[in-house]
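Peer 1: This is the structure, below, for whatever I ask next.
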């Protein structure tokens, strides 16, 4: 869009004087600036997820639908042990049945999840002072094409939203691609798609859901992604950008936080960082362990004997997942994060799969230091949960989340030791310095204040030991393998 005031004056002058010449060609008329999208409150969420129950059940070849008594036990456990520390939400995932006898509302939006209707699940969470977040995607058409409802506010049927080979240009139109379509996708450029997406967020907000986790975006964009042995259709970059624009506009309108999963993050996450509250930066957690967080020294991890999954520490790929472990993902995309910017999502946390307290401290610390969420997947009956629960409850460290803190690494070079040193400023002026050790042997890590911080000396507090360390001009420690040190620096008075 060109500056309207310029065009109006030019038009009037030309009408009065046909020989009038501005000296400008149309290409020289400056564009109006594109306004930045308005996102809902972008503080990283703290929550509990059903992931571990479902993942374990699937690998044991059991029913992944969590029984009501297990739902209730987990929710009560979260209310007692995590809610007091800020974990205020229960979030679903994709393993459980997302319909009950294909039960949807009149518009085709999802109404059931596992053994509950969504309204029942919202009420159950609310009764325990918790919110409900939902795994769903406004680009997935749940409606029956036989029923074929009309989209609210239009005279357009939902069946017209799906792929039409006579008008749509997809990346993989061949028959095999169609067979690999895991979902019935809507095409955002079709008439009525914008209204359908808007109705999706309006519906969820109306039943009390203000967090949506949207998956398989890589598959929509170009038909590829984790688990896709053969490409799906792939609707293209322009359709993907339009989808994210519509999603952002409607989510902001109804106060819904958007979490995007499995994005390719092409062009260094240009679209995801612009339109989404939160984006996944690495591969799925799967069965957890240190490998999911940092990769292994021998570069692979066997997922329950089903497959060999490579974590490729220190490497960045060109598409989803660009990074295969949390640490690499956070370092690589750290330049996109910051206060008021997109949140880096490190996927779910399974502390009870780790091998040491040092690993548990590192896993919790990096997510909070990088400004990410902590999404607890451990359950009330997970092995050794009583031992690992206190790591979720470090109130001094959780203060970073309450503050909206987002740190940065000294280097974005994944293979540099400086990428294991992070720092940033709290809103009250204090500084946070984090020293990590991803290596199999203990390492010396040091951070001098002069040259990085405004002052040469600060009072130092260890946030895991909960001890004041006195005044200093630097912090230095011999960090055990897979361990960390997190310090809060306060101005001397």
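Peer 1: Take the residues in the range 315-334 that are surrounded by fewer than 24 Cβ atoms within 10 Å (Cβ to Cβ) and either in contact with a helix residue (DSSP H, G or I) (Cβ under 6 Å, 6 or more places away or on another chain) or farther than 26 Å from residue 223 by Cα (or both); name whichever of them is modelled with the lowest pLDDT.
Peer 2: So, considering only residues that are surrounded by fewer than 24 Cβ atoms within 10 Å (Cβ to Cβ) and either in contact with a helix residue (DSSP H, G or I) (Cβ under 6 Å, 6 or more places away or on another chain) or farther than 26 Å from residue 223 by Cα (or both), the one modelled with the lowest pLDDT is 316.
Peer 1: From 235, 254, grab the single residue that is buried (at least 23 other Cβ atoms within 10 Å of the Cβ), at pLDDT 95 or above and over 20 Å from residue 324 (Cα atoms).
Peer 2: Checking each option against the conditions leaves just 235.
Peer 1: Return the only residue of 257, 220, 216, 183 being on the phi > 0 side of the Ramachandran plot and in contact with a strand residue (DSSP E or B) (Cβ under 9 Å, 6 or more places away or on another chain). Talk me through it step by step, then tell me what you get.
Peer 2: Values: 257 fails: on the phi > 0 side of the Ramachandran plot; 220 fails: on the phi > 0 side of the Ramachandran plot; 183 fails: on the phi > 0 side of the Ramachandran plot.
Exactly one of 257, 220, 216, 183 is on the phi > 0 side of the Ramachandran plot and in contact with a strand residue (DSSP E or B) (Cβ under 9 Å, 6 or more places away or on another chain), namely 216.
Peer 1: A further question on this structure: Name, by its number, the condition in (1) in the same structural domain as residue 339 (by TED's automatic domain parsing); (2) at positive phi that does not hold for residue 466.
Peer 2: All conditions are met except number (1).
Peer 1: Follow-up. Looking at the range 438-479, which of its residues are surrounded by 19 or more Cβ atoms within 10 Å (Cβ to Cβ) and either over 30 Å from the mean Cα position of the chain (by Cα) or closer than 20 Å to residue 418 by Cβ (or both)?
Peer 2: Passing the criteria: 438, 445, 447, 449, 458, 460, 475, 479.
Peer 1: Of the numbered conditions (1) within 21 Å of residue 94 (Cβ to Cβ); (2) surrounded by fewer than 16 Cβ atoms within 10 Å (Cβ to Cβ); (3) in contact with a helix residue (DSSP H, G or I) (Cβ under 9 Å, 6 or more places away or on another chain), residue 179 fails exactly one; give the number of that condition.
Peer 2: Just one mismatch for residue 179, condition (3).
Peer 1: Of all residues in the range 369-389 being under 25 Å from residue 43 (Cβ atoms) and out of contact with any strand residue (DSSP E or B) (no Cβ under 7 Å at 6 or more places or on another chain), which is surrounded by the most Cβ atoms within 10 Å (Cβ to Cβ)? Even if it seems obvious, please write down each step before you answer.
Peer 2: Here is the first cut: in the range 369-389, the residues under 25 Å from residue 43 (Cβ atoms) are 369-378, 388-389.
The next check asks that each one be out of contact with any strand residue (DSSP E or B) (no Cβ under 7 Å at 6 or more places or on another chain); those that pass are 378, 388-389.
Working: 378: 27, 388: 21, 389: 18.
So the residue we want is 378.
Peer 1: Let me ask something else. Residue pairs, Cβ under 6 Å, 6 or more apart or interchain, first in the range 266-291 and within 11 Å of residue 342 (Cβ to Cβ) and in the same structural domain as residue 309 (by TED's automatic domain parsing), second assigned to a helix (DSSP H, G or I) and at pLDDT 95 or above. List them.
Peer 2: 269/336; 271/241; 271/244; 273/336; 275/244; 275/248; 279/272; 281/329
Peer 1: Scanning for something farther than 27 Å from residue 402 by Cβ and free of Cβ contacts under 8 Å to residues at least 60 places away in the same chain, does the range 77-89 turn up at least one residue? Before you say what the answer is, go through the steps one by one.
Peer 2: First pass over the range 77-89, keeping only residues farther than 27 Å from residue 402 by Cβ: none.
Checked the range 77-89: no residue is farther than 27 Å from residue 402 by Cβ and free of Cβ contacts under 8 Å to residues at least 60 places away in the same chain.
Peer 1: State all residues of the range 440-456 that are assigned to a loop (DSSP other than H, G, I, E, B) and either closer than 18 Å to residue 477 by Cβ or modelled with pLDDT under 95 (or both); if no residue qualifies, say none.
Peer 2: Within the range 440-456, 440, 441, 442, 449, 451, 452 meet the criteria.
Peer 1: Return yes or no: is residue 117 under 30 Å from residue 76 (Cα atoms) and out of contact with any helix residue (DSSP H, G or I) (no Cβ under 7 Å at 6 or more places or on another chain)? Outline the logic, then answer.
Peer 2: Details: under 30 Å from residue 76 (Cα atoms): yes; out of contact with any helix residue (DSSP H, G or I) (no Cβ under 7 Å at 6 or more places or on another chain): yes.
Yes; evaluated as a whole, the condition is true for this residue.
Peer 1: Separate question: Going by what's in this entry, would residue 187 be described as closer than 25 Å to residue 252 by Cα, buried (at least 16 other Cβ atoms within 10 Å of the Cβ) and under 28 Å from the mean Cα position of the chain (by Cα)?
Peer 2: Taking the combined requirement at face value, the residue satisfies it.
Peer 1: Considering only the range 470-479, I want to know if a residue exists there that is touching a helix residue (DSSP H, G or I) at 6+ places or on another chain (Cβ under 9 Å), assigned by TED's automatic domain parsing to the domain that holds residue 422 and either free of Cβ contacts under 8 Å to residues at least 40 places away in the same chain or more than 19 Å from residue 397 (Cα to Cα) (or both).
Peer 2: So far as the range 470-479 goes, no, none of its residues is touching a helix residue (DSSP H, G or I) at 6+ places or on another chain (Cβ under 9 Å), assigned by TED's automatic domain parsing to the domain that holds residue 422 and either free of Cβ contacts under 8 Å to residues at least 40 places away in the same chain or more than 19 Å from residue 397 (Cα to Cα) (or both).
Peer 1: Identify the single condition in (1) free of Cβ contacts under 8 Å to residues at least 12 places away in the same chain; (2) closer than 18 Å to residue 482 by Cα that residue 354 does not satisfy, given that it satisfies every other one.
Peer 2: For residue 354, the exception is condition (1).
Peer 1: Right, next: May I ask you to list pairs of residues, at least six apart or on different chains, whose Cβ atoms are under 7 Å apart, with the first in the range 169-194 being in contact (Cβ under 8 Å) with a residue 60 or more places away in the chain and the second being crowded, with 19+ Cβ neighbours inside 10 Å and not in a loop (DSSP other than H, G, I, E, B)?
Peer 2: 171/222
Peer 1: Okay, moving on. Among the numbered conditions (1) outside any strand (DSSP E or B); (2) touching a helix residue (DSSP H, G or I) at 6+ places or on another chain (Cβ under 8 Å); (3) within 25 Å of residue 66 (Cα to Cα); (4) touching a residue at least 40 places away in the same chain (Cβ under 8 Å), tell me where residue 143 comes up short.
Peer 2: Of the numbered conditions (1) outside any strand (DSSP E or B); (2) touching a helix residue (DSSP H, G or I) at 6+ places or on another chain (Cβ under 8 Å); (3) within 25 Å of residue 66 (Cα to Cα); (4) touching a residue at least 40 places away in the same chain (Cβ under 8 Å), the odd one out for residue 143 is (4).
Peer 1: In addition: Please verify whether the range 277-293 includes one or more residues that are touching a strand residue (DSSP E or B) at 6+ places or on another chain (Cβ under 6 Å), outside any loop (DSSP other than H, G, I, E, B), crowded, with 22+ Cβ neighbours inside 10 Å and modelled with pLDDT under 95.
Peer 2: yes
The values are calculated or read from the model by the stated rules, or taken from the named source; none is laboratory data. The shown structure was predicted, so the numbers you read here are calculated from the model rather than taken from an experiment. Quick reminder, even Gly has a Cβ in these numbers, built from the backbone with ideal geometry, and neighbours come from all protein chains shown.
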